[in-house]
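Peer 1: I'd like to ask some things about the structure below.
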Amino acid sequence: GWLDGRHPGPVERRAAGRAGGEALMVVLNTDGSGRRLGQGDARPCVDGAARARVSAGIGSVDCVVLCDEDTPLELITALELDVLVKGADYSRAQTVGADVVEARGGRVRHVELVAGFSTSKIVERFRASS
């Protein structure tokens with residue numbers, strides 16, 4: 001994911017992910033992959049190394065990986081995950097690697113979003129006020 005801001009949404013998704021397994025790895029898009037995937041030149045607001053450091057500082061996170069690929073499919077395949085967690089704003093069909101995880105007996109969890117919180121909207125409000 002992109003995870004350019006901190007609010008309750010990403011924290012809740014991490015807690016739900018941690019509850020589903022023995023260890024929690026967070027995979028973040030690098031600055032370049034995020035731009036290629038449509039976040040635009042105005043993002044990230046915080047660079048990849050800083051986003052990884054903040055993510056690693058959340059108690060439920062065991063490991064953070066920056067992924068420069070357009071999708072984490074190769075990483076998901078290599079890691080042989082038992083559980084893949086994604087926000088509920090993604091369908092199963094939109095969840096990269098869902099088929100790989102399920103084919104080896106794992107499961108995919110879509111965690112509900114926290115109402116009223118969106119990093120994109122927070123960034124928009126901040127920019128409008130400055």
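The values are calculated or read from the model by the stated rules, or taken from the named source; none is laboratory data. The structure presented is a predicted model; accordingly, all values stated were derived computationally and were not measured. Cβ: placed from backbone, ideal geometry, glycine included. Neighbour counts: every protein chain shown. We work out accessible area using only protein heavy atoms, side chains counted, and drop any ligands, DNA or RNA first. Shrake-Rupley method; radii C 1.70, N 1.55, O 1.52, S 1.80 Å.
Peer 1: Is it the case that segment 23-30 has a residue that's open to solvent by less than 70 Å² (accessible area, probe 1.4 Å) and within 14 Å of R109 (Cα to Cα)?
Peer 2: The answer is yes; a qualifying residue exists.
Peer 1: Is there any pair linking a residue in segment 54-83 that is assigned to a strand (DSSP E or B) to one that is open to solvent by 60 Å² or more (accessible area, probe 1.4 Å), with Cβ under 6 Å and at least six apart or on different chains, and which?
Peer 2: Matching pairs, first to second residue: C63/M25; V83/R107.
Peer 1: Let me ask something else. In segment 36-52, how many residues are modelled with pLDDT of 75 or more and either assigned to a loop (DSSP other than H, G, I, E, B) or open to solvent by 40 Å² or more (accessible area, probe 1.4 Å) (or both)?
Peer 2: Qualifying residue count for the region: 4.
Peer 1: OK, next. I want to confirm something. Restricting to segment 101-112 and keeping residues that are under 18 Å from the mean Cα position of the chain (by Cα), within 13 Å of I76 (Cα to Cα) and among the aliphatic types (A, V, I, L, M), which single residue is surrounded by the most Cβ atoms within 10 Å (Cβ to Cβ)?
Peer 2: Result: V101.
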